[in-house]
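Quick notes on the structure that follows.
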Amino acid sequence: MILKVGQSLASTVDSTTLIVVRAPKGDVSLTCGGVEMTVGKKGAGDGASIDSAHRGGAALGKRYVDDEAGLEVLCTKPGEGQLAIDGRVLPVKDAKPLPSSD
């Protein structure tokens, strides 16, 4: 799937929806719960069909990144499926520490 900045993606196995913040330069496989995500604004499943190996959940308002592919997505609706790109689990983006005020 070719992703574009601002594109909405939805899971087919649970309620997870995402917005692409930073898009990779090539074709990638972005999955939720082990199943490829689709273009859209509404998740289609209830989470019952997710294999236990692909559970982990996406949290509302969190950004998920993969620096290797150059992908960053924002979760706009949470769900039970684990997010992955090309088989690698997408970790939550770490917050930048604020500078100290000595």
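From the list 49, 29, 8, which residue is under 12 Å from residue 76 (Cα atoms), of a type in the set (S, T, N, Q) and in contact with a strand residue (DSSP E or B) (Cβ under 9 Å, 6 or more places away or on another chain)?
Numbers: 49 fails: under 12 Å from residue 76 (Cα atoms); 29 fails: under 12 Å from residue 76 (Cα atoms).
Criteria check complete, one pass: 8.
Select from segment 79-102 the residues that are assigned to a strand (DSSP E or B) and of a type in the set (D, E, K, R) and list them in ascending order.
Passing the criteria: 80, 88.
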Fill in the blank from the handout: For segment 49-78 the number of residues that are in contact with a Pro (Cβ under 9 Å, 6 or more places away or on another chain) and outside any loop (DSSP other than H, G, I, E, B) is 6
Problem - In segment 18-30, the residues that are touching a Ser or Thr at 6+ places or on another chain (Cβ under 9 Å) and surrounded by fewer than 23 Cβ atoms within 10 Å (Cβ to Cβ) - result: 19, 20
Handout entry: Close pairs from segment 45-67: first farther than 15 Å from residue 82 by Cβ, partner among the hydrophobic types (A, V, I, L, M, F, W, C), Cβ under 6 Å, at least 6 apart
Key = 60/75; 63/74
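If I ask for residues that are free of Cβ contacts under 8 Å to residues at least 40 places away in the same chain and more than 16 Å from residue 61 (Cα to Cα), which ones from segment 8-25 would you list?
Within segment 8-25, 12 is the sole residue that qualifies.
To keep it simple, each residue is scored yes or no on (1) over 12 Å from residue 14 (Cβ atoms); (2) out of contact with any Gly (no Cβ under 9 Å at 6 or more places or on another chain); (3) among the aromatic types (Phe, Trp, Tyr).
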position	(1), (2), (3)
32	no, no, no
44	no, yes, no
49	no, no, no
56	no, no, no
62	yes, yes, no
65	yes, yes, no
73	yes, yes, no
84	yes, no, no
93	yes, yes, no
Exercise for the section: Considering every residue within segment 38-57, establish whether at least one is at pLDDT 85 or above and touching a Leu at 6+ places or on another chain (Cβ under 6 Å). Expected result: no
Handout entry: Subset of segment 68-102 that is in contact (Cβ under 8 Å) with a residue 24 or more places away in the chain and small (Gly, Ala, Ser) - its residue that is surrounded by the fewest Cβ atoms within 10 Å (Cβ to Cβ)
Key = 87
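The values are calculated or read from the model by the stated rules, or taken from the named source; none is laboratory data. None of the values given here were measured: they were computed from a predicted structure. As a convention, Cβ positions derive from the backbone with ideal geometry for all residues, glycine included, and neighbour counts pool all protein chains shown.
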